[in-house]
Amino acid sequence: MEIIKLTLTQQIFEDIYNKIKTGYYSVGDLLPTEYEMLEIYGVSRAPVREALKRLQNEGFIVRKAGVGSVVAENTVFSRWAPMGGFSYHFRNKTSHIECNTIDVSIAIVDKSITDRLKVAEETPLVQVTRVRKENNIPMFLLKHYYVDVDMEKIKEAGDILYMRQFASQVLEIEFQYVDEELMACNADLQLSHYLNTEVGKALLKSKRISYNSNYEPVEYVEYYVNTDNWPYKILFSKDSKHLEL
């Protein structure tokens with residue numbers, strides 16, 4: 001069995017993250033102070049600060065001057081999580097998953113993308129490219145597109161584990177509806193490079209548009225999945241009860 005060695009920062013991040021996920025820390029709770037965390041984890045100040053910075057960048061906590069670190073709204077584990085394709089699996093594989101931000105840039109994209117975001121052709125968009133890995137094996141290539149967001153905040157965040165959580169809490173984007181389309185495709189040179197697979201390999205491709213409460217598109221995502229171990233799971237909700245089909 002492969003043993004995965006986590007950095008001190010990652011260990012602290014995942015411990016707090018899991019405590020938020022399981023409700024040990026609820027929305028609005030104040031986390032222990034940095035000094036208390038030094039005692040709890042038996043580490044120096046640097047990994048504690050790095051872990052808290054990552055939690056803040058990904059939208060799990062808000063750090064308030066004179067108050068401390070407060071748990072933010074836990075949207076990634078609200079009704080979106082059990083109803084969203086691969087999100088079901090993320091909850092069970094957290095300690096084995098990482099996501100690396102490969103590129104954050106301004107891009108002129110294909111008309112099919114600007115049409116989905118309902119902006120004029122050749123409108124510059126913020127493009128974020130990420131690779132999600134399980135046990136250090138590339139599984140997902142994700143390309144996110146936004147109109148008029150603060151690109152520097154995305155760059156400063158570094159590797160973002162959950163982009164929707166980050167976009168909601170840090171970029172203040174409202175997500176209300178999602179339209180997702182799935183299809184099969186074959187790996188081209190770029191996909192084979194990022195997903196470490198051969199050219200022509202069969203992949204799952206998704207095109208996803210997210211909308212705000214006014215049904216205005218706020219995010220377009222194309223992502224590619226290279227795995228036989230992550231079935232796309234659908235659950236329907238009625239009267240706030242989740243029914244698996």
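Among 64/153; 64/155; 118/201, which pairs are too far apart, with a Cα-Cα distance over 24 Å?
118/201
Find the relative contact order for the stretch 81-220 and round it to a whole percent, using C-alpha pairs within less than 8 Å whose residues are 6+ positions apart. Write out the running numbers ahead of the final one.
Numbers: 243 pairs, mean separation 29.6, N = 140.
Rounded, it is 21 percent for the stretch 81-220.
Any read-out appearing in this document is the output of simple, stated calculations on the displayed coordinates, not a laboratory observation. Every value quoted in this text rests on a predicted model; they were computed, and no experiment measured them.
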